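Below is one structure; the comments refer to it alone.
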Amino acid sequence: RQHYIQQLSRMVQIDEMTIASRVQASARTMRAGIEARRRSSTAPAPEEPPVAAPPPRKEIAPAA
C-alpha cells in the first residue's frame, strides 16, 4: 500500500511539473505574440517591391 501511495505521489508531481511547464510555455508564446503585434503596429510597414509585368503572350495562328 505504501508503494502505491508513493507511485501516485510521484505521478501527481510529474503532472504538476508538466502543467507548470505548459503554462509557462503558453505565457511565453502569448507574450511573444503581443510583442510582435506591438512592434508591427509601431514600425512603419515595409514597402512591397513592385510586381513585374508578365511576359507577353505568344499568339499561335490557328491551323487552316
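Any read-out appearing in this document is the output of simple, stated calculations on the displayed coordinates, not a laboratory observation. All values derive from a computational prediction rather than experimental measurement.
Karplus-derived 3J(HN,Hα) values for the range 10-19, using 6.51 cos²θ - 1.76 cosθ + 1.60 with θ = phi - 60°, are 5, 5, 5, 4, 4, 4, 5, 5, 5, 4 Hz; glycine and proline are entered as x. Counting 0.36 nm for each residue step from GLN24 to ALA36 and taking away their Cα separation leaves a gain of 2.5 nm.
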